[in-house]
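For reference, the structure discussed in these notes is given below.
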Amino acid sequence: MTNLMKTTSLATLILLLSGCTNIIDTLNPATKPKVDNSIEIVNYSSIKSIPDMANIGFEWEKVSDPRVIGYNFYRTELNKDSNELKLVKVLENKYATHYVDKGLEPKTRYAYQISSIIEGGIESKTTDAYIVETLPRIIPVEFAQAISNLPHSVKLLWRPHPDNRVGYYRIEKYNTFINEWILLKTIKQRLQAEYVDTGLDNNTSYKYRIKAFSFDDVEAAPTKVVIGKTKALPASPTNVRASNNESKRITISWNASPTADVIKYEIHRSTFKLFGYSKIKEVNANTLEYIDTPENSGKAYYYKVIAVDKDGLESNTDAVQGMSFNTFSNPSSALAKLEQNKIDSTLEKIKL
């Protein structure tokens, strides 16, 4: 293992730690250690370290004192000008020569001291302070984009992170009800570069951001906020009409929807205005009329003409009423027959 930083002079510690090379002498551990100066001290020159963003790995030479049964690891955080020394690990094995201190803050300087321990919780003097700094956080994802105008969906794209320490991404979505960012999806592949958020409301905007995380769960700063908007429903056809004066048929006609990507129209029919509609016909976008021949003449029917775009989105459409009549029950025809019968009856009386 290689050493990131080892103090070769006491000058730094004199400034940082009030002039003492043994932190135990000046800082305030939670429990005052029982020190025996006759116990062999860990060789300071043998200490080596490898830092990561949130962890630091240590290696040292085993002491030869036969009384030693393990080692104590003390730590303080220099960035906070802390004056409290914390016992972070007790290694209860005299053969132990490696330790990984975890859960640290990125780009932070820590001072460590190691003591040898014997039975009864008695320990040696500690080593001089060994200073090491954790690595900085990984950089944020450099590029992110939201693709809009998709049906019920927003597609997110980003540039895969170049750092091999990245283990996964978290996609966050802004919740407008609680005014907070919430976790939408965890993407576990570093080279994955897209995600599609589905089941969304029509014609609605959504905010997103993406965070990269290292394998040991250290997060980078988020990307800039990207906004995607779902596709709107197609506009309804206009001037929808249904005839009420034709024999045994009802003609439904309309003007074209102004939405450019409408590919067809569906005609739905019901005997009730508010519910019970079923599709009876679909026609292409160039057809603006349909003739229905319902079984029951003289009965009112309700029709909806629905525009459907290339993505299958359907317009919201109001209903219109249509009615046909049987030739023999045509009101005007029946009235004519009644008048003719009256004339015929009058003529018969004159003849008599």
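The values are calculated or read from the model by the stated rules, or taken from the named source; none is laboratory data. In this text, all values refer to a predicted model and were calculated from it rather than measured experimentally. When we count neighbours, we look across all protein chains shown, and the Cβ atoms used for this are built from the backbone with ideal geometry, even at glycine. Surface areas here come from the heavy atoms of the whole protein model, side chains and all, with no ligands, DNA or RNA. Shrake-Rupley method; radii C 1.70, N 1.55, O 1.52, S 1.80 Å.
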**OP:** Find the residue count for the stretch 206-217, including only residues that are open to solvent by 40 Å² or more (accessible area, probe 1.4 Å) and either farther than 24 Å from Asn149 by Cα or modelled with pLDDT under 95 (or both).
**Re:** 3
Subject >> Residue identified as open to solvent by less than 20 Å² (accessible area, probe 1.4 Å), closer than 30 Å to Ile182 by Cβ and touching a Pro at 6+ places or on another chain (Cβ under 9 Å) among Ala220, Ala193 >> reply: Ala220
Subject >> For Ala221: the one exception among (1) in a loop (DSSP other than H, G, I, E, B); (2) among the aliphatic types (A, V, I, L, M); (3) over 30 Å from Ile138 (Cβ atoms) >> reply: (3)
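Which residues, taken from the stretch 267-288, are surrounded by fewer than 11 Cβ atoms within 10 Å (Cβ to Cβ) and either on the phi > 0 side of the Ramachandran plot or not in a loop (DSSP other than H, G, I, E, B) (or both)? Lay out the reasoning, then the answer.
The first filter runs over the stretch 267-288 and keeps only residues surrounded by fewer than 11 Cβ atoms within 10 Å (Cβ to Cβ), leaving 274-275, 278, 284, 286.
Ser278, Asn284 - these are the residues of the stretch 267-288 that are surrounded by fewer than 11 Cβ atoms within 10 Å (Cβ to Cβ) and either on the phi > 0 side of the Ramachandran plot or not in a loop (DSSP other than H, G, I, E, B) (or both).
Condition check: open to solvent by 40 Å² or more (accessible area, probe 1.4 Å), over 25 Å from Ile50 (Cβ atoms) and either at pLDDT below 95 or in contact with a Cys (Cβ under 8 Å, 6 or more places away or on another chain) (or both). Does Gly103 satisfy that?
Details: open to solvent by 40 Å² or more (accessible area, probe 1.4 Å): yes; over 25 Å from Ile50 (Cβ atoms): no; either at pLDDT below 95 or in contact with a Cys (Cβ under 8 Å, 6 or more places away or on another chain) (or both): yes.
Answer is no for this residue.
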**OP:** Take the stretch 232-266 and flag every residue that is open to solvent by 70 Å² or more (accessible area, probe 1.4 Å) and without any contact (Cβ under 8 Å) to a residue 24 or more places away in the chain.
**Re:** Asn239, Pro258, Ala260
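Could you tell me which residue of the stretch 119-163 is most open to solvent (accessible area, probe 1.4 Å), considering only residues that are acidic (Asp, Glu) and more than 23 Å from Ala212 (Cα to Cα)? Working first, answer last.
Filtering the stretch 119-163 for residues acidic (Asp, Glu) gives 119, 123, 128, 133, 142, 163.
Then keep just the ones that are more than 23 Å from Ala212 (Cα to Cα); that gives 119, 123, 128.
On the way: Glu119: 134, Glu123: 6, Asp128: 58 Å².
Here the answer is Glu119.
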Subject >> Single unsatisfied condition, Asn179 versus (1) closer than 29 Å to Pro51 by Cβ; (2) among the polar types (S, T, N, Q); (3) modelled with pLDDT of 95 or more >> reply: (1)
Subject >> One residue from Arg137, Arg165 being touching a Pro at 6+ places or on another chain (Cβ under 6 Å), among the charged types (D, E, K, R) and farther than 17 Å from Val226 by Cβ >> reply: Arg137
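Report yes if some residue within the stretch 184-194 is out of contact with any Ser or Thr (no Cβ under 8 Å at 6 or more places or on another chain) and either touching a residue at least 40 places away in the same chain (Cβ under 8 Å) or farther than 30 Å from Leu104 by Cβ (or both); otherwise report no. Full working, then the answer.
Taking the stretch 184-194 as the starting set, the residues that turn out to be out of contact with any Ser or Thr (no Cβ under 8 Å at 6 or more places or on another chain) are 184-194.
Remaining after also requiring either touching a residue at least 40 places away in the same chain (Cβ under 8 Å) or farther than 30 Å from Leu104 by Cβ (or both): 193-194.
Yes, the stretch 184-194 contains at least one residue that is out of contact with any Ser or Thr (no Cβ under 8 Å at 6 or more places or on another chain) and either touching a residue at least 40 places away in the same chain (Cβ under 8 Å) or farther than 30 Å from Leu104 by Cβ (or both).
Quick check, is Tyr290 more than 40 Å from the chain's Cα centre (by Cα) and of a type outside the set (Lys, Arg)? If you could, list the steps in order and put the result at the bottom.
Details: more than 40 Å from the chain's Cα centre (by Cα): yes; of a type outside the set (Lys, Arg): yes.
Taking the combined requirement at face value, the residue satisfies it.
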Original post:
Under the condition of being of a type in the set (Ser, Thr, Tyr) and over 45 Å from the mean Cα position of the chain (by Cα), which residue from the stretch 36-61 is least open to solvent (accessible area, probe 1.4 Å)?
Top reply: Ser46
